[in-house]
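J.: One structure coming up, written as structure tokens, with questions to follow.
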There are 4 protein chains.
Amino acid sequence: MEIRQMNEQARNTNKARLLISCGDQPGIVAAVSQFLYGQGANIVESNQHSTDPEAGLFFMRVEFEIDNLHERADALKQSFSKIASEFNMDWRLSLASKRKKTAIFVSKEPHCLLELLWEYQNGDLDADIALVISNHENSKGLVESLGIPFYYIPANKDIRQEVEEKQLQLLDEYNIELIILARYMQILTPNFVSKHPHRIINIHHSFLPAFIGAKPYERAYNRGVKLIGATSHYVTNDLDEGPIIEQGVERVSHHHNAEDLKKIGRSIERSVLARAVNWHLQDRVLVHGNKTIVFN
Amino acid sequence: MEIRQMNEQARNTNKARLLISCGDQPGIVAAVSQFLYGQGANIVESNQHSTDPEAGLFFMRVEFEIDNLHERADALKQSFSKIASEFNMDWRLSLASKRKKTAIFVSKEPHCLLELLWEYQNGDLDADIALVISNHENSKGLVESLGIPFYYIPANKDIRQEVEEKQLQLLDEYNIELIILARYMQILTPNFVSKHPHRIINIHHSFLPAFIGAKPYERAYNRGVKLIGATSHYVTNDLDEGPIIEQGVERVSHHHNAEDLKKIGRSIERSVLARAVNWHLQDRVLVHGNKTIVFN
Amino acid sequence: MEIRQMNEQARNTNKARLLISCGDQPGIVAAVSQFLYGQGANIVESNQHSTDPEAGLFFMRVEFEIDNLHERADALKQSFSKIASEFNMDWRLSLASKRKKTAIFVSKEPHCLLELLWEYQNGDLDADIALVISNHENSKGLVESLGIPFYYIPANKDIRQEVEEKQLQLLDEYNIELIILARYMQILTPNFVSKHPHRIINIHHSFLPAFIGAKPYERAYNRGVKLIGATSHYVTNDLDEGPIIEQGVERVSHHHNAEDLKKIGRSIERSVLARAVNWHLQDRVLVHGNKTIVFN
Amino acid sequence: MEIRQMNEQARNTNKARLLISCGDQPGIVAAVSQFLYGQGANIVESNQHSTDPEAGLFFMRVEFEIDNLHERADALKQSFSKIASEFNMDWRLSLASKRKKTAIFVSKEPHCLLELLWEYQNGDLDADIALVISNHENSKGLVESLGIPFYYIPANKDIRQEVEEKQLQLLDEYNIELIILARYMQILTPNFVSKHPHRIINIHHSFLPAFIGAKPYERAYNRGVKLIGATSHYVTNDLDEGPIIEQGVERVSHHHNAEDLKKIGRSIERSVLARAVNWHLQDRVLVHGNKTIVFN
């Protein structure tokens, strides 16, 4: 086990991911693969997607290994920027060994937080969980027992601005790259959202676009649906309208009351959020307008 | 095979289903089961459901076998009506051997019709398909080759009233007990719907209540959902708002364009509609307000 | 919340479950429901199952509420035993408020244990977890932090007999009614199993009967299956051959190596085991030969 | 609609698929994409897979469009063969417009045949169904009504050799490239199989490797499984042991007897086989030892 982890670590040390979005045109794949071959890189995984011809967009993710990645990362970027400007690419290169600094926001219900911490302890979540922020105190003990700082910041809509100022300051302090709303039941202001574009992942407890907004399980119960769901998406300024990363459903029946739906739903929420977060952490999600491309 | 079918037929000959809805109160199950025992019936399957205490309603379905059912059916109903009035029940007794006379309405896309006819030929659909009505002619050959009358009635919203008059007359002529809208792309008027309450089953090509109305696959594509679905429900006067009988979903991704979603969706629609229709035909569906209780 | 829990508690106080197995014959349901009605009980949920006519067996579960259940439980049993002997029933009456004393056995991999403890903390597992026994020490801290006794008993096949003696003594001491093998990687002897018939629930990390025995994920990988699964079953003396309670699967592809299958599998194992255990705790599982009837 | 089909046709006219298997080594993707770029091809979809380092194999599928494909196909192959020999590739180039000549073998149960014919009529199966061969006559009418030749060849194990001779002659006559065993209940000899390596697709009515061989539903019923499945695989000389292309499952319960499992199973078989066949027809399946790589 220990040896496997060392190998894992060693392998990640020289593993990088190149993400590209640009207008579709001939020669992109040839140029990128020729570049990587010229640098002595070994492609581990490669995915690409072209939209319909009207939109005419091209997306690519390449995971590759290269000797002495850390020493050479800057030079690599420098060299690649020539190709990038030739094809007018939006692009980024991220190192697999550099785990993203992550903040988890949670309210009273801890199940999504617990799932993420469980995956984290198990080595299955490729994040550096830097802090947890909550408007309730009930998760404090658990979080601190794992050595993760816990910040209790009471919140309600009347004090939204000052609450967000404190939160933004903490995010800044910890150099946070990803914010996970693990059933955080407060609405974020456009100011907050604009500071972390496509870097806030929420879990909504319905199968969007059904039951946008409050009390989705009660409304699902009242509508008499036969399947309930959960949706993980990037947060934008339109409530529950941001790009969807992942969704899941479970079967329900007339036996279940609204409380039962909540209980069944907790299990869906946990797994849907964990999958979406993992894909983001592995740089598998690209955003295109209000949609995602998930290379999984 | 032939022997099995005869046995099947013989068994169904003496099989009946009793469906009950009433206010919840002690003693219902005892009274019903005592009654059936007294009549010499053998209970094959029994299901019941009590709503939450506020609504305080009770639903029951009992499938039983009894000797000489056909000769005794009237007397059975007579006897049971005393218990029924004691508990103030809505109830009905249906004979399994009496297959429901069914009309299928279809427009141009034949996949749901084909699925139902396939189940029908295979002996897996417990209906007597009496006729097919369509505003397109493309399914005529297939339907008639199975010896089922096909009525081509062109339809559009300007001639809705006269179209429905013709349709209602046919339904009357054939003593139709169940109408299946197998992707029939015309809206029915309140007059039509009111003549067949909870006896019109529709398949909507989305996971309701998401994407009510027209072009759900295009809208699902534009929203970037990761699962698409279909919903079978009883038709009421509120478009796509009637009691849901069954729903299904399949996973989709950024690889799929709107045409792909339609193709994947056809497969979901076929199986969801077939399940819903089968449950209705076996008297497994009870309606409670805008919800269903499905004893399956 | 607190009020809801009190109500929940109050409701469970007067809730009981009657489980019956006997030869199929007319009048059973009438007799049982008449009895309960006569006692003033209110039936909350009732399920029954008749096997095929050759086997000719009948199974029933009735959940009911009755005033002053605790004071009257003995008298109820006394009265019912007359009906039971008339129909030659195997039966038991269990009180919903009396949570089953449960032992969890675990080896090194903690994911199934964690899932059960998570459900337990969340109030979603209707057990009284009395102790955890492990042949590894890694879960000790977590278990004890919840106030649950943890017993570290090193085990291997050479000392099987003395290990089991210690375990059986502990089970006896704590009056254990249910043993959960939450990825306990030691084989139990017939002597151990015979002392807890149909009261030991295992999770096997394959879709039984495929991949019985050791290293199922490696073998699934080598066979190139496209779905992997997990199975929860009662333990008998035939390895992985006991009555199946629940199974689950997830899709895999050529992208996944054996390690990936293990990781995906952990998630299946967790949820399959949790469902099986919950059904057992709620007296929803009846055993018939080498099969289960699950009234869920 | 008509215009869309013409466009579809036009697009397929210039669409080709390049499939490659070889030892993994740096520079493959660069060489292939550089080659296609140099030829003026536009990559529509590209997938690749590297096995674990021990096996050290590389697989690739590229779908591309190129002007005047038909005139240039031979020259393209000629040019590419230089790259292929440099990297020691197994490869093939197939034209999307050239639909594979396909034979369907069926016995008495027609559901899988019907599903394939349904997809075929609907334009959703990219095959040229050249003939149907059966050892029963019951599907003759249906098949011939679609203008497809139907050959009734009675078969049993005593006349296996002469039966296969007739079948092989027909396959030869029709230049068959794919044989689909759509519930064909006769075992093929090694001689037959060796003549069509990885070009015979079977549907087995269980979740392999569980229930290899005869009567899987009866055995699933007797084992008391909670999910049943179906498996589509390439036929090899080891019964039900060939490379798996696709699998599917559905939930069952104690309510279902063996006949019910067969009925539920038919629906799984239909969709699993149809998916597997479609992937093969689109050149999405590569075989590696006893496993498949499915680029879908």
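J.: Residues of the stretch A:100-125 with the amide nitrogen closer than 11 Å to a label point 7 Å from the Cα of C:LYS108, along Cα-to-Cβ, please.
T.: none
J.: I need to check one value: relative contact order of the stretch C:111-218, counting alpha carbon pairs closer than 8 Å and at least 6 residues apart, in percent.
T.: The normalised contact order for the stretch C:111-218 reaches 19 percent.
J.: Here's a follow-up. Can you sort D:HIS70, A:HIS198 by how many other beta carbons sit within 10 Å, fewest first?
T.: Ascending Cβ contact count within 10 Å gives the list D:HIS70, A:HIS198.
J.: Which entries of C:LYS98/C:LYS195; D:LYS101/D:LYS166; A:LYS108/D:LYS226 show an alpha-carbon separation above 26 angstrom in the structure shown?
T.: A:LYS108/D:LYS226
J.: Counting alpha carbon pairs within less than 8 Å and at least 6 residues apart, what relative contact order, in whole percent, applies to the stretch B:100-294?
T.: About 20 percent, as a whole number.
J.: Rank the residues B:GLU54, D:GLU241 as a footprinting-exposure proxy: fewest other Cβ atoms within 10 Å of their Cβ go first.
T.: B:GLU54, D:GLU241
J.: Which one of C:PHE295, C:HIS111, C:ALA220 is farthest out on the positive end of the charge dipole of chain C, using unit charges on Cβ (Lys, Arg +1; Asp, Glu -1) and the Cα centre as origin?
T.: Sorting the options by dipole projection puts first C:ALA220.
J.: Still on this structure: Within a 10 angstrom radius of each residue's Cβ in B:217-225, how many Cβ atoms of other chains show up on average? Whole number is fine.
T.: 4
J.: Also: Determine the dipole magnitude for chain D: charges of +1 sit on the beta-carbon of Lys and Arg, -1 on that of Asp and Glu, nothing else is charged, the reference point is the Cα centre, and the result goes in debye to the nearest 20.
T.: Value, rounded to 20: 440 debye.
J.: In peptide C:27-38, what is the residue-averaged number of other protein chain Cβ atoms found within 10 Å of each Cβ?
T.: 6
J.: I've got another one for you. Based on other C-beta atoms within 10 Å, arrange A:ASP124, B:ASP238 from fewest to most.
T.: B:ASP238, A:ASP124
J.: Here is a further query. Any idea what the relative contact order of the stretch C:1-157 is, in percent, if you count C-alpha pairs under 8 Å spaced at least 6 apart?
T.: It rounds to 23 percent for the stretch C:1-157.
J.: Also, I was wondering about something else. When the expected Rg is taken as 2.2 N^0.38 Å, what fraction or multiple of it is the alpha-carbon Rg of the protein assembly as shown?
T.: After normalising by residue count via 2.2 N^0.38 Å, the value is 0.97.
J.: Ordered by residue, what ³J(HN,Hα) values in Hz, to whole numbers, does the stretch C:65-82 give under the Karplus form 6.51 cos²θ - 1.76 cosθ + 1.60, where θ = phi - 60° and Gly and Pro are x?
T.: With coefficients 6.51, -1.76 and 1.60, one gets 10, 8, 5, 6, 3, 5, 5, 9, 4, 5, 5, 4, 4, 4, 5, 5, 4, 5 Hz.
J.: Have a look at C:ASN12, C:THR236, C:GLN34 and report the one farthest towards the positive end of the charge dipole of chain C, computed about the Cα centre with Cβ charges (Lys/Arg +1, Asp/Glu -1).
T.: Going by the charge dipole, the pick is C:THR236.
J.: Please provide three numbers in whole Å: the alpha-carbon extents of chain B along the principal axes, with the largest listed first.
T.: Result for chain B: principal-axis Cα extents of 60, 46, 42 Å.
J.: Hey, got the average number of other protein chain Cβ atoms within 10 angstrom for residues in D:103-113?
T.: For peptide D:103-113, the averaged partner shielding equals 1.
J.: For the stretch B:10-74, what is the convex hull (Cα atoms) projected area averaged across all directions, in square nanometres?
T.: Approximately 4.6 nm², given one-decimal rounding.
J.: Shifting gears a bit: For the stretch D:229-235, what does the Karplus curve 6.51 cos²θ - 1.76 cosθ + 1.60, with θ = phi - 60°, yield as ³J(HN,Hα) per residue in whole Hz, taken in order and with x for Gly and Pro?
T.: Each residue of the stretch D:229-235 in turn: x, 9, 9, 9, 8, 6, 7 Hz.
J.: Follow-up. Using a cut-off of 13 Å between alpha-carbon atoms, which aspartates and glutamates can reach D:LYS82, once sequence neighbours fewer than 8 places away in the same chain are excluded?
T.: Within reach: D:ASP90.
J.: In whole Å, how far is the Cα centre of the stretch A:239-278 from that of the stretch A:135-195?
T.: After rounding, the separation between the Cα centres reads 23 Å.
J.: Now for a separate question. Aspartates and glutamates near C:LYS215 by alpha-carbon distance under 16 Å, same-chain residues fewer than 8 away left out - which ones?
T.: Result set, ordered by chain and number: C:GLU109, C:ASP240, C:GLU259, C:ASP260, C:GLU269.
J.: Given axes a ≥ b ≥ c from the Cα gyration tensor, I'd like to know whether the stretch C:98-209 is rounded (a/c under 1.5), prolate (a/b larger than b/c) or oblate.
T.: In terms of gyration-tensor shape, rounded.
J.: Okay, next question. With respect to the symmetry axis carrying chain D onto chain C, which residue of chain D exhibits the smallest Cβ distance to that axis, and what is the value in whole Å?
T.: D:ALA210, 2
J.: What do you get for the angle between helix B:111-121 and the principal long axis of chain B? Use alpha-carbon atoms, 0 to 90 degrees, nearest ten.
T.: The two axes meet at around 40 degrees.
Quick note: the coordinates plus some simple rules give every number you see, no bench work behind them. Being a predicted model, the structure only gives us computed values, none of them experimental. Don't worry about glycine lacking a Cβ; one is built from the backbone with ideal geometry, like all the others, and counts go over all protein chains shown.
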